[in-house]
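So the structure is just underneath, and the comments pick up after that.
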Amino acid sequence: MSSGIKRGVSLYSFQEELFLGQLTIEDCVAFAAGIGARGIEILPEQNIPSFPHVSDHDVAALQDMVSRHDCHFTCYDMFLDTKLRKGELISDDDQVASIVRDLTLCNRLGIRNMRILVFVRPDILERCVPHAERLDVHMGVEVHAPWHLDHAWILRTIDVADRLGTSHLGILPDMGIFMKHYPPAFRARFERQGARPEVAQFIVDQHEAKIMCEYTIFDVAVTMKGNPAEVRMAETLRHAPYANPRRLAEYAPYFRHIQAKFYEMNADDTDPAIAYDDIIPVLAKCGWQGTLSSEYEGNRWIQDVEVVDSREQVRRQHAMFETLIGQADAKCGKAAAV
């Protein structure tokens with residue numbers, strides 16, 4: 001029995017090398033193909049120079065590029081510039097128009113999933129549903145830390161989808177919500193900035209014990225009279241939640257794509273922070289079909305002391321995915337045979 005879990009990469013993973021001009025978009029796609037991660041998640045504002053005025057020629061060139069490498073686009077990451085004019089937010093009508101523009105380009109690129117930024121209001125998305133249905137694009141609201149699957153804001157979007165009976169509105173989980181352990185790369189960066197090892201260890205221990213982050217921040221800032229680096233480290237706990245991976249099974253009907261966030265991979269192809277060894281068995285058991293799209297965000301934590309090698313980090317994550325998906329498939333197959 002084989003699961004429907006597929007592997008892909010967000011071009012965001014290569015932001016360091018793309019910014020420095022060390023890689024081209026095609027280099028990134030070719031690398032993804034080489035490790036069997038054939039689903040490509042694109043950020044048009046970052047990856048398409050002509051955005052938002054993208055010609056048919058530009059669209060054809062992008063489609064030809066991924067096709068040459070036997071890849072395909074899986075997801076379109078939209079952004080909503082609500083503060084185009086100083087001192088005021090753009091109107092609701094303009095927000096809808098911006099999203100419809102993105103839905104249209106998403107459709108032109110042949111993509112059927114669009115990542116929606118978490119701050120976009122559910123009532124705005126409700127107005128966009130008819131357009132998403134017409135263009136056959138699923139709008140998935142990103143469930144990003146500190147939000148989680150059961151957060152009231154996320155549930156509002158699900159309520160809208162249920163009320164409308166639409167399959168074109170739902171969620172898109174970011175795996176950063178399943179941070180089981182505090183990332184070593186975070187700790188190391190804060191210690192380089194002046195955090196005392198004993199205070200850093202206290203913060204790590206508090207996260208491991210799943211103590212409410214505000215208690216830890218108070219203890220570090222007030223009781224321990226923490227220095228600025230220590231306080232900043234404690235404050236990262238607000239964005240380092242550990243939600244229960246088992247909840248993914250209940251919400252699986254609402255998402256088609258996953259942003260497989262990670263900050264670092266060990267040399268033995270294991271993730272020291274995010275609970276993928278718990279996540280993937282849940283996805284396989286519930287029969288979820290979609291793409292795990294690598295999203296490497298570790299560059300900013302190490303770029304002050306070493307050369308960033310995003311490709312090696314992504315390669316390691318996909319080696320882990322291959323192992324975990326294979327193990328989950330084998331376990332599901334045995335269970336089905338019983």
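Taking every residue in region 30-52 that is over 17 Å from Tyr296 (Cβ atoms) and pairing it with any residue that is open to solvent by less than 40 Å² (accessible area, probe 1.4 Å) and in a helix (DSSP H, G or I), at least 6 positions away or on another chain, the pairs with Cβ-Cβ distances below 6 Å are Phe51/Pro44. Residue check: is Arg7 free of Cβ contacts under 8 Å to residues at least 40 places away in the same chain and in contact with a strand residue (DSSP E or B) (Cβ under 9 Å, 6 or more places away or on another chain)? In short, no.
Counting only helices (runs of 4 or more DSSP H) that fall entirely inside region 210-293 and contain at least 1 residues that are among the basic types (Lys, Arg) and at positive phi, no element qualifies. Of the residues screened, Met175 is not one that is over 30 Å from Val199 (Cα atoms), crowded, with 18+ Cβ neighbours inside 10 Å and either among the hydrophobic types (A, V, I, L, M, F, W, C) or touching a Cys at 6+ places or on another chain (Cβ under 9 Å) (or both). When Val220 is tested against (1) of a type in the set (Val, Ile, Thr); (2) over 30 Å from Val9 (Cβ atoms); (3) in contact with a strand residue (DSSP E or B) (Cβ under 6 Å, 6 or more places away or on another chain), just one condition goes unmet, and that condition is (3). Residues that are closer than 30 Å to Thr323 by Cβ, touching an Asp or Glu at 6+ places or on another chain (Cβ under 6 Å) and buried (at least 17 other Cβ atoms within 10 Å of the Cβ) are absent from region 77-99 altogether.
Return yes or no: is Val66 in contact (Cβ under 8 Å) with a residue 12 or more places away in the chain, within 27 Å of Arg127 (Cα to Cα) and among the hydrophobic types (A, V, I, L, M, F, W, C)? Even if it seems obvious, please write down each step before you answer.
Numbers: in contact (Cβ under 8 Å) with a residue 12 or more places away in the chain: yes; within 27 Å of Arg127 (Cα to Cα): no; among the hydrophobic types (A, V, I, L, M, F, W, C): yes.
No.
Considering region 188-208, the residues that are assigned to a loop (DSSP other than H, G, I, E, B) and open to solvent by 60 Å² or more (accessible area, probe 1.4 Å) include one that is nearest to Lys261 (Cα to Cα), namely Gln193. Exactly one residue out of Arg108, Arg85 is more than 19 Å from the chain's Cα centre (by Cα) and at pLDDT 95 or above, and it is Arg108.
Look at region 88-100: where a residue is at pLDDT 95 or above and a partner is open to solvent by 30 Å² or more (accessible area, probe 1.4 Å) and part of a helix (DSSP H, G or I), sitting 6+ places away or on another chain with Cβ atoms under 6 Å, you get Val96/Arg127; Val100/His131.
Given the structure, is Glu306 without any contact (Cβ under 8 Å) to a residue 60 or more places away in the chain, over 20 Å from Met175 (Cβ atoms) and open to solvent by 50 Å² or more (accessible area, probe 1.4 Å)? Full working, then the answer.
Values: without any contact (Cβ under 8 Å) to a residue 60 or more places away in the chain: yes; over 20 Å from Met175 (Cβ atoms): yes; open to solvent by 50 Å² or more (accessible area, probe 1.4 Å): yes.
Judged against the criteria, Glu306 is a match.
The single residue among Ser50, Ser2 that is part of a loop (DSSP other than H, G, I, E, B) and either at pLDDT below 95 or surrounded by 15 or more Cβ atoms within 10 Å (Cβ to Cβ) (or both) turns out to be Ser2. The test for being under 26 Å from His138 (Cα atoms), open to solvent by 10 Å² or more (accessible area, probe 1.4 Å), in a helix (DSSP H, G or I) and touching a strand residue (DSSP E or B) at 6+ places or on another chain (Cβ under 7 Å) holds for Ile325. The set of residues from region 218-255 being free of Cβ contacts under 8 Å to residues at least 40 places away in the same chain, over 26 Å from the mean Cα position of the chain (by Cα) and open to solvent by less than 30 Å² (accessible area, probe 1.4 Å) comprises Val220, Gly226, Ala229. Residue-level check: of (1) within 23 Å of Met139 (Cβ to Cβ); (2) out of contact with any strand residue (DSSP E or B) (no Cβ under 8 Å at 6 or more places or on another chain); (3) in contact (Cβ under 8 Å) with a residue 60 or more places away in the chain, Arg315 misses just (1).
No other residue among Glu208, Glu191, Glu198 is closer than 30 Å to Val9 by Cα and of a type in the set (Asp, Glu) apart from Glu208. Of Pro245, Pro183, Pro241, all but one fail to be at pLDDT below 95 and either touching a strand residue (DSSP E or B) at 6+ places or on another chain (Cβ under 6 Å) or within 30 Å of Ile258 (Cβ to Cβ) (or both); the exception is Pro241.
The values are calculated or read from the model by the stated rules, or taken from the named source; none is laboratory data. In this text the structure is predicted, and so the values were computed from the model without any measurement. Here the Cβ is made from the backbone with ideal geometry for all residues, glycine too, and neighbour counts use every protein chain on show. SASA here: full protein model, heavy atoms, side chains in, ligands and nucleic acids out. Shrake-Rupley method; radii C 1.70, N 1.55, O 1.52, S 1.80 Å.
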